[in-house]
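Data first, discussion second: the structure below is written as structure tokens.
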Amino acid sequence: MVEPSAKAKELSEIFLDSNLGGLDHRINLTKFWGITPGSRVLELGCGQGDCTTVLADAVGPDGHIDAVDPGAPDYGAPYTLAQCQSHLLAGPLGPRINFHNTDPAAFLSTRPSSAKPYDFVVLAHCIWYFETPAILSEIISALAGHTTRLCLAEWGLRANRAETLPHVVTALLLANIEAKRLTPSTRNVRSVLSPQQIVSNVLEKGTFALVEETRGKSGDTLQDGYWEVSDLLRNREKFLDRMKRDGVSNKEIGALVAMFDSVQAGVDIIGGDVKDVKTMDWWAGRPPHPVPRGPSRSPLHSEAWVDMNAPNSSNGTVAIVGSGLTGLLAAQGLKLNGIPAVVFEREESLDARPREWTILVHWAMPIFAKLVPEHILANLSEALCNPHLDFNDEIESLPCYNGITGDLLFSSSTPGARRVNRRQLRRLLAQGIDIRWNKSVRELSQTSSGVRLEFKDGGTFDADHILGADGSSSKVREILLGVEQAQARQSGFLFATGVTKFGDADKTDAVVQAHPVAALMMGASAVGAVGVMSVDDPNDTSTWTTFWVKIWHGDPVDLKGQEALNYIKENTAPLRGIFQSAIDWTPEGSYVSINEMKYWVPTPWNNHGGRVTLAGDAAHPMLIYRGQGFQHSITDVNNYVNALTQLRSSGSDAASREMIFEAYDSEMIERGAVAVQQSLTEAENSLDLERIKKMLMMRQGHGKDA
């Protein structure tokens with residue numbers, strides 16, 4: 001067993017509760033964070049003051065600690081908060097410390113705006129104490145302007161050996177119990193957040209970006225694992241009795257009992273003595289201060305938190321052209337990985353254009369989930385066309401009806417798929433993103449250190465990289481390839497859509513009867529589709545908004561409103577059943593449009609040494625068949641984020657940049673070209689009943705590998 005350090009022994013004489021293992025751990029964290037003499041530090045969630053003691057020693061006589069905790073003065077054992085804090089203030093470190101018995105957010109909100117920012121803000125092993133996970137987000141928001149350096153530490157939910165596994169399971173079990181209580185407790189473990197969740201909470205606000213983070217093995221002298229596990233097992237029946245009194249179902253209690261048994265089994269495996277339980281691994285993040293060198297340095301791999309708005313940031317900015325779904329998703333994915341991005345959009349606002357349509361997110365949904373912060377994923381229901389459905393195999397399918405007989409032709413399984421309202425999803429993805437409106441790109445050029453966007457209004461923007469995500473008529477693509485080579489091609493297929501609110505439950509029910517989400521009709525001279533766009537009152541279908549689609553081969557037209565609706569009725573062959581009725585029932589004033597679908601088979605472009613590339617419809621605009629376009633856009637974004645992350649870890653030299661983005665471009669061009677060609681073939685086959693049998697949609701469904 002490692003002996004406690006001399007410093008831990010020295011500080012244990014000052015701190016009332018002489019937990020040498022805990023003090024040593026916090027000494028190493030303080031070295032890792034780079035807390036320097038003379039620093040002004042705000043510690044949130046200070047508790048009895050063990051970390052406060054170490055911080056006060058680190059800042060020296062010229063530094064200062066404001067230590068904040070909302071806990072009751074009589075909370076804690078074997079010594080209360082009041083006892084420990086009073087003892088500290090009366091000792092040699094007392095003049096360096098002010099304790100504040102208040103809520104952290106309240107403390108920050110009442111701090112004078114003229115007050116000098118703190119050199120560091122520390123949250124050390126306090127996040128799990130929070131009553132709800134939302135408190136961390138509130139604190140991160142409240143910290144804006146109060147510091148540029150955020151230091152974090154929490155248990156890492158990782159068991160590196162059998163002795164630590166009971167502690168991990170205990171933490172998860174306590175979090176489950178807390179979540180089921182009718183009233184919150186005041187226990188040590190309430191909101192168990194993983195390191196990934198903490199990172200997401202910090203990054204989603206856009207104030208701090210992750211530069212470095214680390215994990216480490218807890219020393220054998222740390223007692224937290226033993227304390228938590230022994231307390232849990234000792235009070236097992238009290239916990240379960242509380243769950244019963246709070247009305248928790250027998251099924252849920254059964255699951256909790258199994259977790260209690262798992263904790264006990266973990267103790268049994270290591271010999272049956274709970275005193276042999278060890279503390280799980282820890283996790284931490286630090287600001288970019290030099291870590292002390294030499295023998296006293298903790299053996300940590302250091303990473304950090306740094307204010308994105310601080311001058312001389314080492315993070316290179318990405319300029320994204322286009323605020324469609326691809327551009328906004330790229331901005332979120334980059335932000336989640338600590339890479340700052342600015343989006344430039346030629347429109348004046350999110351709602352500048354009235355166009356509305358739905359998109360099915362299917363095989364790329366797991367990739368999408370990795371690219372957005374947890375709060376967006378948690379609120380994804382806001383963008384679903386109908387979030388009130390009980391999703392099952394039937395709901396997660398897309399039926400296709402015979403355009404001649406009206407019978408079911410086939411049903412394409414789409415497990416895990418969700419149909420989203422594009423406008424609502426765009427609004428969700430825009431949260432927390434720096435979008436510059438009314439910025440039309442005129443030209444781009446290389447500079448000595450990166451690339452420059454030039455706008456029609458005369459402005460410029462310098463960046464490390466440019467991502468063209470500006471749609472099928474991409475200006476960035478045109479600049480990279482020239483007007484003629486970049487021109488999107490006419491397909492000859494017309495796409496018409498209408499967004500309808502009938503105000504009539506019977507009409508809406510007729511749409512839903514075809515399928516609760518969306519349904520297709522093929523095999524005649526046109527393709528039809530109907531579905532649900534949005535739901536106001538789930539119990540009153542007369543309040544629902546629906547949509548219809550019609551696709552045919554013909555002369556190109558570009559029409560809107562009543563003129564478009566009249567053209568469809570007068571110049572295209574009718575569909576069958578609800579697929580035609582939905583068009584006929586379209587109320588006056590509804591949104592209706594007709595456009596020719598265009599495509600472009602991607603070819604290599606000049607990526608300016610790996611600094612400029614494309615994604616989404618800017619790279620491979622395709623026809624809508626099999627809903628592949630957005631899936632490939634999501635894949636592009638994921639690959640782009642991974643490429644920049646790889647570049648950052650390789651040192652960002654020119655040779656690495658060229659190699660990494662040559663690989664990104666080549667893979668996307670090959671994959672995109674296949675998808676574009678497949679969409680054209682699908683369109684040709686969809687208008688003939690015999691040729692439908694050749695469609696990938698019928699033979700292989702919506703999957704990625706078709």
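The values are calculated or read from the model by the stated rules, or taken from the named source; none is laboratory data. Here the structure is a predicted model, which means the values were calculated and not measured. Here the Cβ positions follow ideal geometry from the backbone for every residue, glycine too, while neighbour counts run over all protein chains shown.
Considering each of VAL248, VAL229 in turn, give the residue that is buried (at least 16 other Cβ atoms within 10 Å of the Cβ) and assigned to a helix (DSSP H, G or I).
Going through VAL248, VAL229 in turn, the sole match is VAL229.
Among the residues that make up region 35-45, is at least one of them surrounded by 21 or more Cβ atoms within 10 Å (Cβ to Cβ) and of a type in the set (D, E, K, R)?
yes
Enumerate the helices (runs of 4 or more DSSP H) found wholly within region 613-702, keeping only those where 2 or more residues are in contact with a Phe, Trp or Tyr (Cβ under 6 Å, 6 or more places away or on another chain).
Of the helices (runs of 4 or more DSSP H) lying wholly inside region 613-702, those with at least 2 residues that are in contact with a Phe, Trp or Tyr (Cβ under 6 Å, 6 or more places away or on another chain) span 628-650, 654-686.
Return the pairs, sorted by first residue and then second, in which the second residue is of a type outside the set (Phe, Trp, Tyr), the first residue lies in region 221-233 and is free of Cβ contacts under 8 Å to residues at least 60 places away in the same chain, the beta carbons are less than 7 Å apart, and the residues are 6+ apart or on different chains.
Final answer for the pair search is TYR226/VAL274; TYR226/LYS275; TYR226/VAL277; SER230/VAL274; LEU233/VAL263; LEU233/GLN264; LEU233/VAL274.
Restricting region 92-115 to residues that are modelled with pLDDT of 90 or more and in a loop (DSSP other than H, G, I, E, B), which is farthest from ILE65 (Cα to Cα)?
This residue is PRO92.
Would you point out which residue out of LEU520, LEU429 is touching a residue at least 24 places away in the same chain (Cβ under 8 Å), surrounded by 22 or more Cβ atoms within 10 Å (Cβ to Cβ), in contact with a strand residue (DSSP E or B) (Cβ under 8 Å, 6 or more places away or on another chain) and aliphatic (A, V, I, L, M)?
Exactly one of LEU520, LEU429 is touching a residue at least 24 places away in the same chain (Cβ under 8 Å), surrounded by 22 or more Cβ atoms within 10 Å (Cβ to Cβ), in contact with a strand residue (DSSP E or B) (Cβ under 8 Å, 6 or more places away or on another chain) and aliphatic (A, V, I, L, M), namely LEU520.
Somewhere in region 584-597, is a residue part of a helix (DSSP H, G or I), modelled with pLDDT of 95 or more and over 35 Å from the mean Cα position of the chain (by Cα)?
Yes, region 584-597 contains a residue that is part of a helix (DSSP H, G or I), modelled with pLDDT of 95 or more and over 35 Å from the mean Cα position of the chain (by Cα).
Could you list, in sequence order, the residues of region 446-458 that are within 32 Å of the chain's Cα centre (by Cα) and more than 15 Å from VAL318 (Cβ to Cβ)?
If the condition is that a residue be within 32 Å of the chain's Cα centre (by Cα) and more than 15 Å from VAL318 (Cβ to Cβ), then GLN446, GLU454, PHE455 are the ones that fit.
For region 79-90, does any single residue satisfy the condition of being under 34 Å from the mean Cα position of the chain (by Cα), farther than 12 Å from CYS46 by Cα and either surrounded by 13 or more Cβ atoms within 10 Å (Cβ to Cβ) or among the aliphatic types (A, V, I, L, M) (or both)?
no
Please find, within region 162-188, the residue that is farthest from ARG286 (Cα to Cα) out of those that are among the polar types (S, T, N, Q) and assigned to a helix (DSSP H, G or I).
Per the stated criteria, the residue is ASN176.
With the requirement that a residue be crowded, with 16+ Cβ neighbours inside 10 Å and either modelled with pLDDT under 95 or out of contact with any Asp or Glu (no Cβ under 6 Å at 6 or more places or on another chain) (or both), what does region 541-553 give you?
Within region 541-553, TRP544, THR545, THR546, PHE547, TRP548, VAL549, LYS550, ILE551, TRP552 qualify.
Quick one: is SER191 within 30 Å of PRO78 (Cα to Cα), assigned to a loop (DSSP other than H, G, I, E, B) and in contact with a Leu (Cβ under 9 Å, 6 or more places away or on another chain)?
Judged against the criteria, SER191 is a match.
It is to be established whether one or more residues within region 484-507 are more than 26 Å from LYS560 (Cβ to Cβ), buried (at least 19 other Cβ atoms within 10 Å of the Cβ) and free of Cβ contacts under 8 Å to residues at least 40 places away in the same chain.
Looking for residues that are more than 26 Å from LYS560 (Cβ to Cβ), buried (at least 19 other Cβ atoms within 10 Å of the Cβ) and free of Cβ contacts under 8 Å to residues at least 40 places away in the same chain, one finds none in region 484-507, hence no.
What is the number of the single condition among (1) closer than 30 Å to GLY338 by Cα; (2) in contact (Cβ under 8 Å) with a residue 60 or more places away in the chain; (3) polar (S, T, N, Q) that THR603 does not meet?
(1)
Residue check: is PHE410 of a type in the set (Phe, Trp, Tyr) and assigned to a loop (DSSP other than H, G, I, E, B)?
no
Among the listed residues ALA144, ALA162, identify the single one that is surrounded by fewer than 17 Cβ atoms within 10 Å (Cβ to Cβ), under 29 Å from ASP273 (Cα atoms) and aliphatic (A, V, I, L, M).
The match here is ALA162.
List the number of the failed condition for VAL122; all other conditions in (1) modelled with pLDDT under 90; (2) within 18 Å of ASP50 (Cα to Cα) hold.
(1)
For a quick check of your reading: which strands (runs of 3 or more DSSP E) sit entirely within region 312-375 and have at least 3 residues that are in contact (Cβ under 8 Å) with a residue 12 or more places away in the chain and under 19 Å from PRO621 (Cβ atoms)?
358-361
Could you tell me whether region 385-398 includes any residue that is touching an Asp or Glu at 6+ places or on another chain (Cβ under 8 Å), assigned to a loop (DSSP other than H, G, I, E, B), charged (D, E, K, R) and over 20 Å from ALA330 (Cα atoms)?
Within region 385-398, none of the residues are touching an Asp or Glu at 6+ places or on another chain (Cβ under 8 Å), assigned to a loop (DSSP other than H, G, I, E, B), charged (D, E, K, R) and over 20 Å from ALA330 (Cα atoms).
For region 575-593, indicate whether the set of residues that are touching an Asp or Glu at 6+ places or on another chain (Cβ under 7 Å), within 26 Å of LEU408 (Cβ to Cβ) and surrounded by 22 or more Cβ atoms within 10 Å (Cβ to Cβ) is non-empty.
For region 575-593, residues touching an Asp or Glu at 6+ places or on another chain (Cβ under 7 Å), within 26 Å of LEU408 (Cβ to Cβ) and surrounded by 22 or more Cβ atoms within 10 Å (Cβ to Cβ): absent.
When the residues of region 56-72 are filtered to those that are closer than 13 Å to GLY45 by Cα and either assigned to a loop (DSSP other than H, G, I, E, B) or among the charged types (D, E, K, R) (or both), which remaining residue is modelled with the lowest pLDDT?
Out of the qualifying residues, it is ALA72.
Here's a check for you: in region 669-687, which residue that is more than 19 Å from LEU480 (Cβ to Cβ) and small (Gly, Ala, Ser) is surrounded by the most Cβ atoms within 10 Å (Cβ to Cβ)?
Here the answer is SER686.
Would you say ILE198 is of a type outside the set (S, T, N, Q), modelled with pLDDT of 85 or more, in a helix (DSSP H, G or I) and assigned by TED's automatic domain parsing to the domain that holds PHE120?
Criteria met by ILE198.
Kindly establish whether ASN607 is at pLDDT 95 or above, of a type outside the set (A, V, I, L, M, F, W, C) and in a loop (DSSP other than H, G, I, E, B).
yes
Return only the number of the condition from (1) over 31 Å from the mean Cα position of the chain (by Cα); (2) loosely packed, with under 15 Cβ neighbours inside 10 Å that PRO538 does not satisfy.
Here PRO538 clears every test but (1).
Yes/no per residue for (1) closer than 23 Å to ALA417 by Cα; (2) buried (at least 19 other Cβ atoms within 10 Å of the Cβ); (3) at pLDDT below 95:
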{"site": "THR613", "(1), (2), (3)": "no, yes, no"}
{"site": "GLY651", "(1), (2), (3)": "no, no, yes"}
{"site": "ARG657", "(1), (2), (3)": "no, yes, yes"}
{"site": "GLU667", "(1), (2), (3)": "no, no, no"}
